[in-house]
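Taken together, the values in this text are just the output of simple stated rules run on the coordinates, not laboratory data. What you see is a predicted model, and the numbers here were worked out from it, not measured in a lab. Glycine gets a Cβ as well: all are built from the backbone with ideal geometry, and neighbour counts include every protein chain shown.
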Amino acid sequence: MIQIFTGFAVIALAVFVGWIAGRTGVLGPEAKPMLARLNFNVLAPFLLFSVLATADVGALFSALLPVSAIAAAAMMLLFGLVAMLVWRSSLERTVIGSLASGYVNGNNFGIPIAVYMLGDAAYSAPVVLLQLLLFAPVALAVLGARVNGHTSVAAIVRTTVTNPIIVGSLAGVLVSVSGLELPPIVLEPIELIGHAAVPLMLIAYGLSLHGQRLFEAGSGRREVLLATVLKLVAMPVAAWAVGRFVFGLDGIELYAVTVLAALPTAQNVFNFAQRYETAEVVARDTVFLTTVGSVPVLFAVALLLG
């Protein structure tokens, strides 16, 4: 139990430092986008490569991946049914709300949580790959077709295969599967760069919390609330139930899929909404509410299953 409290204390301090930095402006106005680009394009790929290259990827991609996929897809489907059949929302707005209900922050928030709650950053990699290789391309295709009137399959494929997170993760998986043991002169410099990812991700998240305003006029409060409840309550319960009763998971595996399902909505959802100018406030508010609300939810999961 002391490890759980220690993990939350480490995460909370780093986030608080980031919030203070944002409030005081000590890092300047370019800090948020600069840290976001650094984390996404450099640090996270190095970290995921190093942990996956030395991990038992067969175990990670066995039952963990389908449980996570089923839980996420179920939440997206539930939101979609309510939005389209009850509220008569447009397809593009429904896509954003559905993503907000099941697309988790497996990178900026998921990697630190995996490190401090699960003991291994590799646990977040299958979820990150699932979302980037399946959920994101499908969503972008639908949004592109609805908003622009057309979409480019080549552009979606190009964006997917050149994503630094995917490149780093797949390279690590290939090294692990091949059985290749990297010499220290190669692995240790990579690990050194990757180790900078977790603290800077948390500081960047703290920066993003400063100046948030919720529920502005026309924000779509019912959509935000539904997506938040599905994300923070229904999805962890669904992951636990599917993992326990369908796949027979227990111990650390059951704990891991439940923790991953309790992660907040990914910032990518807001990026998609901005790109296609659709339900931007819904995405932004859901990201914020689920991020703040995920802390007590993760703590409860840790107490019950950790």
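General remarks:
- Gyration tensor verdict on the chain (Cα atoms; rounded if a/c is under 1.5, prolate if a/b is larger than b/c, oblate otherwise): rounded
- Sorted peptide list for 157-170, 16-29, criterion being average Cβ within 10 angstrom, highest first: 157-170, 16-29
- Paramagnetic label zone (point 7 Å from Cα along Cα-to-C-beta, Ser90; backbone N under 16 Å) in the stretch 261-302: 272-283
- With neighbour counts taken as other beta-carbon atoms within 10 Å, the residues Asp285, Asp56 rank, fewest first, as Asp56, Asp285.
- Whether the stretch 155-306 is rounded, prolate or oblate, judged on the alpha carbon gyration tensor where a/c under 1.5 counts as rounded: oblate
- The stretch 89-219 shape via C-alpha gyration tensor axes, a/c threshold 1.5: oblate
- Amide H to amide H distances under 5 Å link Val104 with Ala266, where only residues 5 or more positions off or on other chains count and H is placed in the peptide plane.
- From the alpha carbon centroid of the stretch 253-306 to that of the stretch 52-101 is 12 Å.
- Simple point charges give the picture: +1 on the Cβ of Lys and Arg, -1 on the Cβ of Asp and Glu, and for the stretch 13-160 a dipole about the Cα centre of about 460 debye.
- A simple packing score, the average count of other Cβ atoms within 10 Å per residue, orders the peptides 93-106, 221-234 as 93-106, 221-234, with the highest score first.
- With 0.36 nm allotted per residue and the present C-alpha distance subtracted, the Arg221-Leu38 stretch has 62.6 nm of extension available.
- For the chain, with +1 on Lys and Arg beta carbons and -1 on Asp and Glu, the positive-most of Phe272, Val301, Val224 along the dipole: Val224
- Taking every C-alpha pair closer than 8 Å and separated by at least 6 residues, the mean separation divided by the residue count of the chain gives a relative contact order of 32 percent.
- With θ taken as phi - 60° and the Karplus curve 6.51 cos²θ - 1.76 cosθ + 1.60 applied, the whole-hertz 3J(HN,Hα) list for the stretch 82-91 is 5, 5, 8, 8, 9, 8, 6, 6, 5, 5 Hz, x standing for glycine and proline.
- Simple Cβ-charge dipole of the chain, Lys/Arg +1 and Asp/Glu -1, about Cα centre, in debye nearest 20: 900 debye
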